[in-house]
């Protein structure tokens with residue numbers, strides 16, 4: 001399996017609901033390194049996994065509304081505990097939609113799997129990984 005990863009970072013503020021979160025129930029900040037890894041069993045006709053420039057551009061665009069924001073006030077995340085795990089899934093879904101909509105180029109339809117990892121610190125990170133729909137599902 002071939003893979004290519006693009007990386008960006010975001011700085012956010014948020015709080016959590018529920019006793020399990022202890023002091024994190026109060027407003028606090030986090031800086032995440034965000035990695036998105038694209039995978040496919042064979043390279044495309046240009047010997048690429050995906051266009052690295054388009055992948056990075058889309059990641060920056062997906063993260064822009066979250067960066068330097070209080071996620072507690074983001075309408076698209078209302079009512080959610082925006083844990084690292086949850087955010088990884090949210091970013092995955094947004095990137096999968098960008099692939100489906102052709103924003104990473106037509107050859108990105110050959111991608112078979114994607115992983116999103118949010119590095120919260122040098123000792124803790126979380127992610128979400130899943131198969132992507134085949135080309136027949138993307139139109």
Are any residues in the range 87-102 crowded, with 16+ Cβ neighbours inside 10 Å and over 10 Å from the mean Cα position of the chain (by Cα), and if so, which ones? 98, 99, 100
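Got at least one residue in the range 88-100 being assigned to a loop (DSSP other than H, G, I, E, B) and under 17 Å from residue 120 (Cβ atoms)?
Of the range 88-100, the ones assigned to a loop (DSSP other than H, G, I, E, B) are none.
No.
Listed here are the residues, each with its yes/no results for (1) under 24 Å from residue 134 (Cβ atoms); (2) in a loop (DSSP other than H, G, I, E, B); (3) touching a helix residue (DSSP H, G or I) at 6+ places or on another chain (Cβ under 6 Å).
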{"position": "10", "(1), (2), (3)": "no, no, yes"}
{"position": "16", "(1), (2), (3)": "no, yes, yes"}
{"position": "29", "(1), (2), (3)": "no, no, no"}
{"position": "47", "(1), (2), (3)": "yes, yes, no"}
{"position": "53", "(1), (2), (3)": "no, no, no"}
{"position": "67", "(1), (2), (3)": "no, yes, no"}
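Looking at 115, 130, 126, which one is outside any loop (DSSP other than H, G, I, E, B), within 18 Å of residue 57 (Cα to Cα) and at pLDDT 95 or above? Before you say what the answer is, go through the steps one by one.
Numbers: 130 fails: within 18 Å of residue 57 (Cα to Cα); 126 fails: within 18 Å of residue 57 (Cα to Cα).
Matching residue, one of 115, 130, 126: 115.
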Among the numbered criteria (1) buried (at least 16 other Cβ atoms within 10 Å of the Cβ); (2) closer than 16 Å to residue 66 by Cβ, which single criterion is violated by residue 120? (1)
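The values are calculated or read from the model by the stated rules, or taken from the named source; none is laboratory data. The structure displayed is predicted, hence computed values, not measured ones. Note that we place each Cβ from the backbone using ideal geometry, even for glycine, and neighbour counts take in every protein chain shown.
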